[in-house]
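Here's the structure, in structure tokens; my notes come after.
Where a number appears in this text, it was derived from the coordinates with a stated rule and is not lab data. For clarity, every value in this text was computed on a predicted model and none was experimentally measured. Positions of Cβ are generated from backbone atoms using ideal geometry, with glycine treated the same way; all protein chains shown enter the neighbour counts.
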Amino acid sequence: MTNLVENVTQQIKSVIRQSLSKAIANGEIPEVEVPEISIEVPREKGHGDFSTNIAMQVTKQAKKAPRQIAEILIKNMDTSNTYIDGIECAGPGFINFRLNNAWLYAALKGIQTDKENYGRIDIGNGRKVMVEFVSANPTGPLHMGNARGGALGDCIASVLDAAGYDVTREFYVNDAGNQIEKFGISLEARYIQLLKGEDAIVFPEDGYQGEDIIDHMKDYISANGDKLLDVESAERRRILVEYALPKNIERIKAGLESYGVKYDVWFSEKSLYDSGELKETLEILKEKDCTIENEGATWIKASVLGAEKDEVLVRNNGIPTYFAADIAYHRNKFLKRNFDWVINLWGADHHGHVGRMKGAVSSMGIDPDKLDVVLFQLVRLYRNGEIARMSKRTGRAISLTDLLDEVGRDAARFFFNMKASGSHLDFDLDLAVKQSNDNPVFYVQYAHARICSMLKILEGEGVTVPAADSVNLELLQKAEELELIKRLAEYPEEIRISAQTLEPSRLTRYVMDVAGLFHSFYNACRVKGEEENIMKARVVLVDSARIVIKNVLQLLSISAPERM
RNA sequence: GUGCCCGUAGCUCAGCUGGAUAGAGCAACGGACUUCUAAUCCGUUGGCCGGGGGUUCGAAUCCCUUCGGGCACGCCA
């Protein structure tokens, strides 16, 4: 697994460390406790390829001016057998390193060797991580919040996979509890209304208003008639739920699949009731003295949750709350299935639940730091510059399916991952289908198609991508070439940072950047028709850009067309 | 009222575990196609990083405060 930036960074750190010890040993700098050396890429190109602020960091300890320390360190640096070509002290005390291009050529070779695996790293070390996302109520269609959560969760999972984690994608099916009761009541009310008229029964105030409930009952009646009218209410609801729930779950599965999201596990909430795990969890909490009884209900203590007030676990009617089931569910994730790390994606409106959940997890003896909750802000759709709420086709609230019909999977997934999860997202429906340069999806895909087209034409003339070892990559000297290579070399680091911050949006920006650098290169340098050695070197470069763009798009589950 | 998130260019956003002269895309304006895809490129214009304090060698970044926007505070999920 190639990661030249990592190699180079280590090399520089090692040079600094040796220089520091040497300076201490010969008394130029007093004994200091060496902090973690940080190497960064300066914003300003004139400041070299990499830089460190180590001299400023040890200023206090060493009791010398930062620039003075920097000069001493530079004097003691041994750069033989490294990529380092020049070192200088600059600004308030930065040490800037300029590298020779050999590391860039090594990066190109690495890309050609790794191919579709280029970018993969191993910071995860095979640790088991679960990403639980969408987990929409199966009482209706998927909405825009689910759409954002779906794109985000799936890509977080992919990033972690690329970073070397053993990833499980999971959907928690809320097929038990209160909302299923409400679902049943809603279905029943519509059933009766359809057969006996609107006035035959008052639709419950907290019932599900969606038209899909009526559609279900129309379908049911046309297949099964009115035979349930005589059936006792509880039984009738059970039958109707049993009819409609699997249909909804299937629709959710199908919708997510056409969105490019595939789950490893569909975990049933009901199974926690059936297996007795929920009961078991409640008993454990009781034994640990985490609960109290009050007004006929069972509560979990605020002190356990690190919260200000107690929360109900079992209602006075005996039905456990969602929270109780969620505690059992998380106990299952950590203690029954032994995940090392669990990531939940929740809409920002659930933020109040985070602290409670961590507290509850902690009360089960689980390190709450093993649970991360990614909160994502809500989505606003825009059409013709105005907020759009309704689907043009159905006249109902825009569902995931409507969105996919209107803009397609590629644009939807790309747009939802363009911004950090914590920022509000305005989704411009017009822009997403526009085939022009202001649409970033097309910009990136076009770069890929352009490369493929070039390679195809060259192939027609008998030029295939040569082995990187067989060409003189040092012929790549132009600024546009070197900048492109440098950015390609950074891909594994981009994966690392995305994984650590759980922000795939970093990768959409990265791939836009790579596409832009490629387009610049394309306009500055020709490949076909150039002198043979230069052409060969450039073919390697162009093909490497293709590999990187393709790998990123693949990771985001966005297509990389070869022709447009 | 209490808590969480967000305020950066005309618009949409990066940068936020402190670093050098605050970036990108779009929009606006001006250029580049007889040559591998102009769905492209090159250039120009554009900023009191919401305001005010503090911390220090250094603050968009950390702390306090204030203003503006969103959200949550159920025996809903």
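Direction-averaged shadow area of the convex hull around the Cα atoms of region A:4-100, nm²?
Numbers: hull surface 22.9 nm².
About 5.7 nm², averaged over all directions.
Enter the Cα centre distance for the pair region A:491-564 and region A:22-54, rounded to the nearest angstrom. So the separation of the two Cα centres works out to 32 Å.
Please tell me which of these pairs span more than 20 angstrom C-alpha to C-alpha: A:Lys75/A:Lys486; A:Lys333/A:Lys358; A:Lys279/A:Lys336; A:Lys128/A:Lys253; A:Lys486/A:Lys550; A:Lys115/A:Lys478? Please list the in-between numbers first.
Numbers: A:Lys75/A:Lys486 28 Å; A:Lys333/A:Lys358 13 Å; A:Lys279/A:Lys336 15 Å; A:Lys128/A:Lys253 24 Å; A:Lys486/A:Lys550 17 Å; A:Lys115/A:Lys478 24 Å.
In this structure, A:Lys75/A:Lys486; A:Lys128/A:Lys253; A:Lys115/A:Lys478 lie more than 20 Å apart at Cα.
The separation of region A:328-403 from region A:80-101, counted between C-alpha centres, amounts to 45 Å. Maximal additional length on extending the A:Ser453-A:Arg526 stretch stands at 24.9 nm, based on 0.36 nm per residue less the C-alpha distance.
Can you tell me what share of the DSSP beta bridges in chain A is antiparallel? A percent to the nearest 5 is fine. Intermediate results must be reported in sequence, preceding the final value.
Values: 22 of 45 bridges.
Percent antiparallel among DSSP bridges in chain A is about 50.
Roughly speaking, what is the centre-to-centre gap between region A:278-323 and region A:223-268 when only Cα atoms are used, to the nearest Å? The two parts, judged by their Cα centres, are 30 Å apart. Straight-distance candidates among the aspartates and glutamates for linking to A:Lys286, with alpha-carbon spacing under 18 Å and chain neighbours fewer than 8 residues away dropped: A:Glu277, A:Glu295, A:Asp310, A:Glu311, A:Asp326.
Given their separation in residues at 0.36 nm each and the Cα-Cα distance between them, A:Glu562 and A:Asp438 gain 42.6 nm when the chain is fully extended. Based on Cα contacts under 8 Å between residues 6+ apart, region A:400-446 shows a relative contact order of 32 percent. Listed by chain and number, the lysines whose alpha-carbon sits under 20 Å from that of A:Lys227, ignoring those within fewer than 8 places in the same chain, are A:Lys196, A:Lys218.
Charges were assigned to the Cβ only: +1 to each Lys and Arg, -1 to each Asp and Glu. The resulting dipole of chain A about its Cα centre is roughly 920 debye. Using a/c under 1.5 as the rounded threshold, could you call chain A rounded, prolate or oblate? The axes a ≥ b ≥ c are square roots of the C-alpha gyration tensor eigenvalues, and prolate needs a/b larger than b/c, oblate otherwise. Oblate.
For a modelled paramagnetic label at A:His351, 7 Å from Cα along Cα-to-Cβ, the residues of region A:416-449 in reach, with backbone nitrogen under 12 Å, are A:422-424. Normalised by the number of residues in chain A, the mean separation of alpha-carbon contacts (under 8 Å, six or more apart) gives a relative contact order of 16 percent. For region A:306-465, a simple Cβ point-charge model (Lys and Arg +1, Asp and Glu -1, everything else neutral) yields a dipole of about 440 debye relative to the Cα centre. Positive end of the dipole of chain A (Cβ unit charges, origin at the Cα centre): among A:Asn53, A:Gln445, A:Gly352, the Cα lying farthest that way belongs to A:Asn53.
Only DSSP H runs of four or more residues enter the estimate; each adds -39500 (n - 2.57), and after division by the residues of chain A the mean residue ellipticity at 222 nm equals -16000 deg cm²/dmol.
If a helix is a whole DSSP H run, which ones in chain A reach 24 Å or further along their own axis (Cα) and hold a mean Kyte-Doolittle hydropathy of at least 0.0?
Length and hydropathy pass: A:4-25, A:144-162, A:440-460, A:505-524, A:532-555.
Shape annotation for region A:437-555: C-alpha extents along the principal axes are 44, 28, 23 Å, from largest to smallest. Judged by the ratio a/c of the largest to the smallest principal axis of the C-alpha gyration tensor, region A:497-564 counts as prolate, that ratio being 1.5 or greater while a/b is larger than b/c.
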